[in-house]
Amino acid sequence: MQIKATPSKESSGSSQFTISAYEDGQIIGSKNINVFVNMMLGESFDQLESALKPAVNENIPSSILGWSHTAPNGWSVTNSSNMPAGTEEWQGWSFTTKDFWTKAEDQDRNKFELGQGVIAVADPDEWDDNGSPASKGFLIVH
């Protein structure tokens, strides 16, 4: 069996593809699907700036506000209840600034250039720095 995907038009952004299965040169099934092609998606979380808090477990001056677990309106964050507790700032999804994230421990995070303002981060390495929760389970985020 041969499967072939053919775009319905020039592919960029949201495009419809027709997926067809062939057997002995005959189409035995087809399905249309929508996909994103050559498109970078972005989201601004800057509206959370007023919700940012000072460090709890990280060694960052309290004058630097930089993290929150509060999701913006229209968003939901699901962190597994089975996830062991680790570094508070990185327990599941966190909304943070690049400056705060870098001050936690740089690890070449200063090279991250795509996010500006408040960004969404799931960082299992920083999460594991307080009490080694990874030895008891996984950082589980959705």
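The values are calculated or read from the model by the stated rules, or taken from the named source; none is laboratory data. Model, not experiment: these values are computed from the prediction. Every residue, glycine among them, receives a Cβ derived from its backbone with ideal geometry; neighbour counts consider all protein chains shown.
Below are the figures for this structure:
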quantity: Hits in the stretch 64-84 (condition: farther than 27 Å from Lys103 by Cβ and of a type outside the set (Ser, Thr, Tyr)); calculated: Asn73, Gly74, Asn82
quantity: Residues of the stretch 88-97 satisfying the condition of being buried (at least 19 other Cβ atoms within 10 Å of the Cβ) and over 14 Å from Ile140 (Cα atoms); calculated: Glu89, Phe95, Thr96, Thr97
quantity: Yes/no for Asp129 being of a type in the set (D, E, K, R) and either assigned to a helix (DSSP H, G or I) or in contact (Cβ under 8 Å) with a residue 40 or more places away in the chain (or both); calculated: yes
quantity: In the stretch 102-124, the residues that are at pLDDT 85 or above and either within 23 Å of Thr78 (Cα to Cα) or not assigned by TED's automatic domain parsing to the domain that holds Thr87 (or both); calculated: Gly117, Val118, Ile119, Ala120, Val121, Ala122, Asp123, Pro124
quantity: Search result, residues across the stretch 71-91 that are more than 29 Å from Ser135 (Cβ to Cβ) and over 15 Å from the mean Cα position of the chain (by Cα); calculated: Asn73, Gly74
quantity: Total residues in the stretch 81-101, condition at pLDDT below 85 and either under 17 Å from Gly42 (Cβ atoms) or out of contact with any Gly (no Cβ under 8 Å at 6 or more places or on another chain) (or both); calculated: 1
quantity: Any hit, the stretch 50-72, residues being in a helix (DSSP H, G or I) and at pLDDT below 85; calculated: no
quantity: Residue list for the stretch 125-135, restricted to those being surrounded by fewer than 17 Cβ atoms within 10 Å (Cβ to Cβ) and modelled with pLDDT of 85 or more; calculated: Asp125, Gly131, Ser132, Ser135
